[in-house]
Ligand SMILES: Cc1cc2nc3c(=O)[nH]c(=O)nc-3n(C[C@H](O)[C@H](O)[C@H](O)COP(=O)(O)OP(=O)(O)OC[C@H]3O[C@@H](n4cnc5c(N)ncnc54)[C@H](O)[C@@H]3O)c2cc1C
């Protein structure tokens, strides 16, 4: 098989991502929820129809069945990253050492345990509501594919054991790794057995269906252009109407980077994906038929998993940063990012170098200074928000939605997690943030390329790649 030429690769941007097209095709019928015309009154108005906004609406409906909930989505529900991500579903076990440093041993462990609920929680929620999100719980394997660099997997495992989470990461030697997926590029690895995968858009659209059945008033094609505190609560303005509500929730993910109050606290970064043609025989030849999710240990991480019709969906965080919170084509139309994703694919799965790619797409991920989400409030508690999930929001957005709903319903947080209003470092102002992020991205890519080739990275590359941690930012945990 000859490798698909760069000029023949699918172009990202002009159509909806493969996952979402599949999910929309399965809907009978797939109708746009009406845009907002005129003025509406609600108890709670939610901005954003991704996982965060929809889980908030779902849990609020459970806790306060009489609450009038309006959800406003600029596109369609699941049209953002919730409908086009990798579908890796896990909590925060890998973040436990960071959580312990940040919140102390007891609280850190409790947060990781609460986040672990999301995996089984989403699996059983799908079953309960007849949502066919292809939930597959077969674990998440991280492999080292650098020929001359050893990972400190043993250190991570010991640290989790010491912190009270034995068995959440399991070391696999090269033979055990290759028994899962026999790529000649893979060295040893570490398995997170509790992780699962989903078809992300099926989950998002399933949430939307359940909310509509429960009477949540959803308006798609309805971007909120202004949000003003008023004596009775909050007023949200859209192109052809408004919603007056006692409280509002901003669940806009990377788009928050353009909202007042968040501009200097978040960097939007592009992650891009491709999906191959169906290749069940080649997957069988690799022995990769168990449905495990896999990623490598690069700085610009590559993540890949199989689909139930025998394809590989493969992504990498190789896009660019946005400028000053603008979410534009840099996150969706970057053909060079797709070429790099494909190069990573061929490097990590060399026996599949000849397979064709059927689709390509990208989206923004939202990165805070410590690469951990923030959940908080503005305007005296009238506006709540949650964002900053970076590349791990499929699961944690459910936890955030439950915490937001608990707050909105005026209940005590039964888990009492210290995640609300945590102090957050600000990022450098523009244009330093943008140009700094670009320079660091180039250095990280060069670093990965050098380590892939077994070369020692140059001094300048190493220095630039270290800049975020030297400045106290935690872009890796
Ligand atoms: C390519 C890619 C791969 C990823 N892979 C994974 C993965 O494998 N596992 C994982 O855990 N995470 C992954 N992520 C991250 C994950 O997708 C997100 O963290 C998660 O979807 C966040 O959900 P959300 O509801 O907060 O945001 P979104 O899904 O982005 O929803 C926010 C919504 O707000 C809407 N909106 C924005 N502004 C307005 C406005 N003014 N008015 C009305 N609506 C507005 C947007 O249209 C959007 O639909 C990936 C992300 C990308 C881009």
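Conditions tested, residue by residue: (1) out of contact with any strand residue (DSSP E or B) (no Cβ under 7 Å at 6 or more places or on another chain); (2) without any contact (Cβ under 8 Å) to a residue 40 or more places away in the chain; (3) not in a strand (DSSP E or B).
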position	(1), (2), (3)
32	yes, no, yes
45	no, no, no
56	no, no, yes
67	no, no, yes
77	no, no, yes
98	yes, no, yes
102	yes, no, yes
106	yes, yes, yes
112	yes, no, yes
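Can you tell me which of (1) more than 26 Å from the chain's Cα centre (by Cα); (2) more than 30 Å from residue 69 (Cα to Cα) is the one residue 215 doesn't meet?
(2)
Which condition does residue 416 not pass, out of (1) modelled with pLDDT under 85; (2) assigned to a helix (DSSP H, G or I), if it passes all the others?
(2)
Which ones in region 226-241 are within 13 Å of the ligand (Cβ to nearest atom) and either modelled with pLDDT under 95 or in a strand (DSSP E or B) (or both)?
226, 227, 236, 237, 238, 241
Results for (1) modelled with pLDDT of 95 or more; (2) assigned by TED's automatic domain parsing to the domain that holds residue 117; (3) within 20 Å of residue 410 (Cβ to Cβ), shown as yes or no for each residue.
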| position | (1), (2), (3) |
| --- | --- |
| 44 | yes, yes, yes |
| 50 | yes, yes, no |
| 65 | yes, yes, yes |
| 77 | yes, yes, no |
| 88 | yes, yes, no |
| 96 | no, yes, no |
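What residue, of 400, 369, is touching a strand residue (DSSP E or B) at 6+ places or on another chain (Cβ under 9 Å) and in a loop (DSSP other than H, G, I, E, B)? Don't jump to the end; show me each part of the working.
Details: 400 fails: in a loop (DSSP other than H, G, I, E, B).
Only one candidate passes the filter, namely 369.
Regarding residue 315, is this residue assigned to a strand (DSSP E or B) and within 13 Å of the ligand (Cβ to nearest atom)?
Yes: the conditions hold for residue 315.
Return the residues of region 249-279 that are away from the ligand (no atom under 11 Å from the Cβ) and part of a strand (DSSP E or B); say none if nothing qualifies. Give the derivation first.
Let us first name the residues in region 249-279 that are away from the ligand (no atom under 11 Å from the Cβ), namely 260-267, 275-279.
Once the filter is applied, which keeps residues that are away from the ligand (no atom under 11 Å from the Cβ) and part of a strand (DSSP E or B), region 249-279 yields 267, 275, 276.
Residue 71 - would you say it is touching a residue at least 24 places away in the same chain (Cβ under 8 Å), within 15 Å of the ligand (Cβ to nearest atom) and within 30 Å of residue 247 (Cα to Cα)?
Details: touching a residue at least 24 places away in the same chain (Cβ under 8 Å): yes; within 15 Å of the ligand (Cβ to nearest atom): yes; within 30 Å of residue 247 (Cα to Cα): yes.
Judged against the criteria, residue 71 is a match.
Give me a count of the residues in region 124-148 that are surrounded by 13 or more Cβ atoms within 10 Å (Cβ to Cβ), on the phi < 0 side of the Ramachandran plot and in a loop (DSSP other than H, G, I, E, B). Steps first, please.
The first filter runs over region 124-148 and keeps only residues surrounded by 13 or more Cβ atoms within 10 Å (Cβ to Cβ), leaving 125-126, 129, 131-146.
Narrowing the set further to residues that are on the phi < 0 side of the Ramachandran plot leaves 125-126, 129, 131-133, 135-138, 140-146.
Add one more test, that the residue is in a loop (DSSP other than H, G, I, E, B), and what stays is 131-133, 135, 137-138, 144-146.
So the answer is 9.
Looking at (1) more than 19 Å from the chain's Cα centre (by Cα); (2) within 15 Å of the ligand (Cβ to nearest atom); (3) surrounded by fewer than 24 Cβ atoms within 10 Å (Cβ to Cβ), which is the only condition residue 101 fails?
Unmet condition: (2).
Within region 314-348, work out how many residues are out of contact with any helix residue (DSSP H, G or I) (no Cβ under 8 Å at 6 or more places or on another chain) and without any contact (Cβ under 8 Å) to a residue 60 or more places away in the chain.
4
I'd like to check something: does region 387-397 contain any residue that is part of a helix (DSSP H, G or I), closer than 30 Å to residue 319 by Cβ and within 16 Å of the ligand (Cβ to nearest atom)? Quick ask: steps written out before the conclusion?
Of all residues in region 387-397, those part of a helix (DSSP H, G or I) come to 396-397.
Filter once more, keeping what is closer than 30 Å to residue 319 by Cβ: 396-397.
Add one more test, that the residue is within 16 Å of the ligand (Cβ to nearest atom), and what stays is 396-397.
So far as region 387-397 goes, yes, one or more of its residues are part of a helix (DSSP H, G or I), closer than 30 Å to residue 319 by Cβ and within 16 Å of the ligand (Cβ to nearest atom).
Somewhere in region 420-436, is a residue in contact (Cβ under 8 Å) with a residue 12 or more places away in the chain and within 16 Å of the ligand (Cβ to nearest atom)?
No; the residues of region 420-436 include none that is in contact (Cβ under 8 Å) with a residue 12 or more places away in the chain and within 16 Å of the ligand (Cβ to nearest atom).
When region 372-386 is examined, which residues are found to be within 16 Å of the ligand (Cβ to nearest atom) and either in contact with a strand residue (DSSP E or B) (Cβ under 8 Å, 6 or more places away or on another chain) or at pLDDT 95 or above (or both)?
Of the residues in region 372-386, the ones within 16 Å of the ligand (Cβ to nearest atom) are 372-376, 378, 383-386.
Selection gives 373, 374, 375, 376, 378, 383, 384, 385, 386.
The values are calculated or read from the model by the stated rules, or taken from the named source; none is laboratory data. Small disclaimer: the values here were computed from a predicted structure and weren't measured. Reconstructed Cβ throughout: ideal geometry from the backbone, glycine too, with neighbour counts over all protein chains shown.
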